[in-house]
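> The structure's right below; bear with me while I get my questions together.
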Number of protein chains: 2
Amino acid sequence: MIIDKNKIEQLEQRYRTTFINSLAGFRQAVLVGTKSTEGHSNLAIFNSLIHLGANPALFGLINRPDSVQRDTLQNIISTKAYTINYVRADAYKKAHQTSARYDKDVSEFEAVGFEEAYLPPCTAPIVKEAVVNIAMQLEEIIPIKINGTVLIVGSVQQIHIDEQLVGNDGFVSLSEQQVVISQGLDAYFVSSPLGRLAYAKP
Amino acid sequence: MIIDKNKIEQLEQRYRTTFINSLAGFRQAVLVGTKSTEGHSNLAIFNSLIHLGANPALFGLINRPDSVQRDTLQNIISTKAYTINYVRADAYKKAHQTSARYDKDVSEFEAVGFEEAYLPPCTAPIVKEAVVNIAMQLEEIIPIKINGTVLIVGSVQQIHIDEQLVGNDGFVSLSEQQVVISQGLDAYFVSSPLGRLAYAKP
């Protein structure tokens, strides 16, 4: 079937959100750890991690300021510090539960049952049981005016990972650790490898 | 192990590219179809698709202007039209092959063996054998100054998909079609479902 722009606009709101969001395909499920200036820890699931560059190492996140993730954005702006954490399949329900609208002074670490830890000098909390922890520093907030979202640009400050997961060429084996992938707002997956291919030449 | 910013900067360049790119995790593998003002069709693999919003339906793509994808960016700027296509596991090698640096007048459709088709009125070509085709219109190019990349913001104009893949609530079943996922620059996967979860409440 063909669904055009007019038909998309006429879809029932929740159906459209699920349709367009799931249509965007598979994405890394990311737990973002922050701390408010009052010292409250926050943990929120994102599915918008973007690789922006390797040198310097820069990652992006998309944030809708009116979403449940607004506490995360406010904490990142206030403290410049945040962490990115990937979890295994056995923790996907707890990861999803961080998307609930807890009060601002509730720590999602405690509420959903992840252990809070730190990677000094980063002041934002990490998820201790995660496969990967990445300490980030805010570099820039870029407004996307057409719909009021923002692109959070951050630089990688520190990476905490089991060295056995990093291959001789630098490739990180997330698949063998059953790192969780997301699609849409509520679907979770793990990966099965098809293969790695050589640099393509004409 | 802990790898800090200084150590990342000291890594050998190819190792660092593979490490940081694969560290960014799993992402939708996307074939972007465009046409030059001279009428040459172009097809290039991207792994930076971003969901920006559902109403209006907006997707983003990250582009490094000096990359092999520069023809794609130029065509999008010139014509405002492009398509987004997802392929099945059996086509992952052909999809990867579109990343080779073919001459500007070579059609990657012909070079790698995908069938070119059209979704009028979109002037950019689609991949006929893809599971999903999305006709896009350029809305804005947002520069990310810190490293010279750009965010291509586009609006969804038309979606071509088998209606049996769209559930009653709008969810698109990409997993059952073995739609290809990528990690880093050369690794490909398919997904195995863990489950869909209810809207999270505290």
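Each value in this text was obtained by applying a stated rule to the coordinates, not by laboratory testing. It should be emphasised that the depicted structure is a prediction, and the values quoted were computed from it without experimental measurement. No Cβ is skipped: glycine too gets one built from the backbone with ideal geometry, and neighbour counts run over all protein chains shown.
> Using θ = phi - 60° and the Karplus form 6.51 cos²θ - 1.76 cosθ + 1.60, what ³J(HN,Hα) does each residue of the stretch B:86-92 get, whole Hz, x for Gly and Pro?
With coefficients 6.51, -1.76 and 1.60, one gets 10, 10, 7, 3, 5, 10, 5 Hz.
> Under 5 Å between amide hydrogens, which residues at least 5 positions from B:Leu194 or on another chain qualify, with H placed 1.01 Å from N in the peptide plane?
It is A:Tyr188, A:Phe189, A:Val190, by chain and number.
> While we're on this one: Starting from the stretch A:98-191, pick out the GluC sites (Glu not before Pro) whose DSSP state is loop and whose Cβ has at most 16 other Cβ atoms within 10 Å.
Passing both the DSSP loop test and the Cβ count: A:Glu115, A:Glu129.
> Relative contact order of the stretch A:25-189: what whole-number percent is it, with Cα pairs under 8 angstrom and at least 6 residues apart?
Reported as a whole number, the value is 27 percent.
> Going through the cross-link list A:Lys80/A:Lys145; A:Lys7/B:Lys201; A:Lys5/B:Lys80; B:Lys35/B:Lys104, which pairs have a Cα-Cα distance over 20 Å in this structure?
Violating the 20 Å limit, Cα to Cα: A:Lys80/A:Lys145; A:Lys7/B:Lys201.
> While we're here: As a footprinting exposure proxy, order B:Asp71, B:Asp4, B:Asp105 by other Cβ within 10 Å, with the fewest listed first.
Final ranking by Cβ density, sparse to dense: B:Asp105, B:Asp4, B:Asp71.
> Given the peptides A:117-124, A:154-161, arrange them by the average over their residues of other C-beta atoms within 10 Å, most packed first.
Listed from highest to lowest mean packing, they are A:154-161, A:117-124.
> List every residue whose amide H lies under 5 Å from the amide H of B:Gln158, counting only residues 5 or more places away in sequence or on a different chain, with H placed 1.01 Å from N in the peptide plane.
B:Ala135
> Here's something else I'd like to know. Read phi for every residue in the stretch A:157-169 and hand back ³J(HN,Hα) as whole Hz from Karplus 6.51 cos²θ - 1.76 cosθ + 1.60, θ = phi - 60°, with x for Gly and Pro.
9, 7, 10, 10, 8, 5, 4, 5, 8, 9, x, 4, 9
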